[in-house]
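J.: This structure is in structure tokens; I'll ask about it shortly.
Bear in mind that the values in this text are calculations on the coordinates, not laboratory data. All figures in this text were calculated on a predicted structure; none of them were measured in a lab. Counting neighbours? That spans all protein chains shown, and the Cβs are built from the backbone with ideal geometry, glycine included.
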Amino acid sequence: MSNSVLPGDKIAIMEEYEAGNNACADGHIVRATVIGQSEIDKKERVVNVKNNKPISIPEKGDIVIGTVEAVMGSMIAVLINYINSKPVKSQVECICATRSLRKKNVALVKDLVKLKIIGHLNGAIHATIQDPGLGVLFTKCRKCGMDVKPMRDIIKCVECGWTDDRKLSSDFLKSDFLKVRE
Ligand SMILES: [Zn+2]
């Protein structure tokens, strides 16, 4: 049996159980020292608190950087790698509507994009790409997979010369974003 506890919560009395992981004895009371789930080990007569792994969920207004996982007709799905420049490993995705951008290839799968979270709806995290700072940070040529250079509002492949459109971020190919990628 386990229960959600906060630091300082009474989780047992010393007469019954000893303080285990993430717990401490305070007089004859055993208290939690972290947020988590208290678990009583009857065999060892110990009470432990299992620390919850923090899951990073972006909130409205957060700036996220992520990898495009899927491109659908009117939206892209993005696996979030950074929330407000902090790396996250929680495998959270957001979706971003692209219909109103009037671009054929707003972003491609595997592109790195910068988005702003606009809110949560029906269990999905929604983001926008419509701001000069938002958009593609890193992309490749759709034809040959080589690097591309921006030319006004389009991009051109340095290898095969293929031109394409993307919703580029004003940070496209900037060195400070490359630091963020490391
Ligand atoms: Zn190319």
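J.: If the chain between residue 128 and residue 69 were fully stretched, how many nm would it gain, using 0.36 nm times the residue separation less the Cα-Cα distance? Don't skip to the end; give the middle numbers.
T.: Numbers: separation 59, 0.36 × 59 = 21.24 nm, distance 1.58 nm.
Using 0.36 nm per residue and subtracting the Cα-Cα distance, I get 19.7 nm.
J.: Can you compute the modelled spin-label distance between residue 104 and residue 120, with each label point 7 Å from Cα toward Cβ, in nm?
T.: Taking the two extended label points, one gets 3.9 nm.
J.: Using R₀ = 35 Å, calculate the FRET efficiency as 1/(1 + (r/R₀)^6) where r is the Cβ-Cβ separation of residue 60 and residue 15; round to 0.05.
T.: 0.15
J.: I've got another one for you. How high is the relative contact order of the stretch 2-51, in percent, with contacts defined as C-alpha pairs under 8 Å that are six or more residues apart?
T.: 41 percent
J.: Report, in debye and to the nearest 20, how large the dipole of the chain comes out about its Cα centre when Lys and Arg carry +1 and Asp and Glu carry -1 on their Cβ. Could the numbers behind the result be given before it?
T.: Values: 28 positive and 22 negative charges, 223 e Å.
Charge dipole, the chain, about its Cα centre: 1080 debye, nearest 20.
J.: Let me ask something else. Going by amide H atoms built from the backbone, whose H comes under 5 Å of the H on residue 88, apart from near neighbours?
T.: Excluding prolines and chain starts, which carry no amide H, the hits are 82, 83.
J.: Oh, and also: Can you pull the semi-axes for the chain, root of five times each eigenvalue of the Cα gyration tensor, sorted largest first, whole Å?
T.: 49, 15, 13
J.: Given points 7 Å out from each Cα along the Cα-Cβ axis, report the residue 79 to residue 28 separation in nanometres with one decimal.
T.: A separation of 5.4 nm, rounded to one decimal place.
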